[in-house]
Amino acid sequence: MEQRILVVDDEQSMRDFLAIFLRKEGYQVHTAKDGLEALAVLDRADTDVVISDVRMSNLDGMKLLRETKRRQPDVEVIVMTAYSSTQDAILAMKDGAYDYVTKPFKLDEIKLTIDKALERRRMAKENVALKQQLKKHTRIKNIIGNAPPMREIFEMISKVADTKTTILVTGESGTGKELVASAIHYNSSRAEFPFVTINCGAIPSELMESELFGHIRGAFTGAVRDKDGLMSVASHGTLMLDEVSEMPPSLQVKLLRALQERRILPVGGTQEISVDTRVIAATNRDLAEEVRIGRFRQDLYYRLNVIHLRVPALRERREDIPLLVQHFVKRAAQDIGRPPMQVSEAALMILQQYDYPGNVRELSNIVERAVTLEITDQIRPSSLPPSLLEKVAGGGTSPTGPDGWVDFSRGIQLDALLEARERELLEKALGHAGGVKKQAARLLGISFRSLRYRLAKLGIEAGGEEEEDDEA
Ligand SMILES: Nc1ncnc2c1ncn2[C@@H]1O[C@H](COP(=O)(O)OP(=O)(O)OP(=O)(O)O)[C@@H](O)[C@H]1O
Ligand SMILES: [Mg+2]
């Protein structure tokens, strides 16, 4: 989008000089000869940055600054002060000016200052937008996500929360299975009863039965008194069986019975106990496959799988990464008591390209690390783990960010990068042209023949044949 600058100066030559330069640099420029005229422009034309002289009749630069900040606090103001009047500059900064330049100035100096002001304005806007998005879409407390598969999950959570059925939650490690299970519990009428989780992969199989169903004093060596199992502890509440695929076969039978009868028999006991426990099972394995290879009982699988929630991997919902980053930055900064931090566009771009084998948990750790280590108030590419930068840069994607950052720490692969970019643009142009190569070539500003050559070189399939014509 075009950036809109308002130049305010009582000297015509200065106004023209700046306007010509800034227009050439690609900005949209308005001018005003004093503060009053400037306010009129602000009223009728959207403005991103005001660059203003101080000494003017009809509302001077200081008053203009204050009035601008009062009317449109997010418009950035840069003040131009004459030679030695740094006093003005200091006052202006106190009144909310973004920065100042002293006359005479160099053009690249003023351009740099304007660009920094624009960047700040862009980030402030983005933060507001993100915050609004966050508010709108955290419908289930604590679970951040707005991508279609996440919305489906939110919908399912509210639909199934108040039923009694068992639920199977699947998804890779770190995708938020436990978060989903607890959301089901806390959105149900069981919310004031316990939510208990047991990790079937972490408890020795000899002990698991007693953990789940409890035991009677003397049932085995060390059973010195009666003990409730988690099924009873979670009665009226919810029991999450994490890594359910790791449950030993003998126990799978007993669990199935407990689910069907809603009664359990403590180890060493003779009296069954009634329980009213909602069970949510979770696994990062393919349970159907475990059934097929005989490691998991089919009847139990059917019983658990009445409702299936599949939590998507983070790389399947990259559009949620900015929301998650924002959420984790805020949380991490709060945790260690530092003021809110921004995330640069370059850093965000890198974070959005990474594949996250450890999913949301990994992203949360990366952000926490960055917040802890970064000493400025902005998370940048350099705040991210070197191994991540390397993976993203090495993956054929761009190691450069919009702010000109290039990660040369391990060297880059220029040819591979250019090829990847070329492929991307060719494919986009073809898509845009509905597969019509001649049109794609026109969009790319190359000849039909050149396009055909490049497609062949990169092995891109591009639909039907077209006759080449004289333009080649
Ligand atoms: N959508 C999300 N929004 C906010 N935080 C999330 C989200 N998904 C996961 N997290 C956070 O990521 C971490 C991992 O989530 P969780 O423990 O629920 O994953 P999991 O799927 O149970 O992982 P594992 O298979 O390793 O047990 C937790 O700190 C959790 O709070
Ligand atoms: Mg878990």
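Just so you know, all these numbers are worked out from the coordinates, no wet-lab data involved. On a predicted model such as this, the values are computed, not experimentally measured, just so you know. Neighbour counts run over all protein chains shown; Cβ positions are idealised from the backbone, glycine included.
Assorted remarks:
- Between helix 177-186 and the chain: long-axis angle, C-alpha atoms, 0 to 90°, nearest 10: 80 degrees
- Only DSSP H runs of four or more residues enter the estimate; each adds -39500 (n - 2.57), and after division by the residues of the chain the mean residue ellipticity at 222 nm equals -14500 deg cm²/dmol.
- Backbone amide hydrogens, once placed in the peptide plane, bring residue 31 within less than 5 Å of 7, excluding anything fewer than 5 places away on its chain.
- In degrees, nearest ten, helix 448-458 long axis to first principal axis of the chain (Cα): 40 degrees
- For the range 114-127, the Karplus equation 6.51 cos²θ - 1.76 cosθ + 1.60, evaluated at θ = phi - 60°, returns couplings of 4, 5, 5, 5, 5, 4, 5, 5, 4, 5, 4, 5, 4, 4 Hz by residue, with Gly and Pro reported as x.
- Sequence-distant residues sharing a close amide H with residue 50 (under 5 Å, placed H): 6, 76, 77, 78
- Here the label points at residue 58 and residue 226, each 7 Å from Cα along the C-beta direction, are separated by 9.3 nm in the simple model.
- A dipole drawn for the chain from +1 and -1 charges on Cβ atoms has a positive end, and of 161, 90, 142 the residue lying farthest that way is 161.
- Long pairs among 33/116; 24/106; 141/330; 69/125; 437/457, criterion Cα-Cα beyond 19 Å: 33/116
- For residue 269, the residues whose amide H sits under 5 Å from its own are 216, ignoring neighbours fewer than 5 places away on the same chain, with H placed 1.01 Å from N.
- Between 0 and 90°, nearest 10: helix 148-160 axis offset from the chain longest Cα axis: 40 degrees
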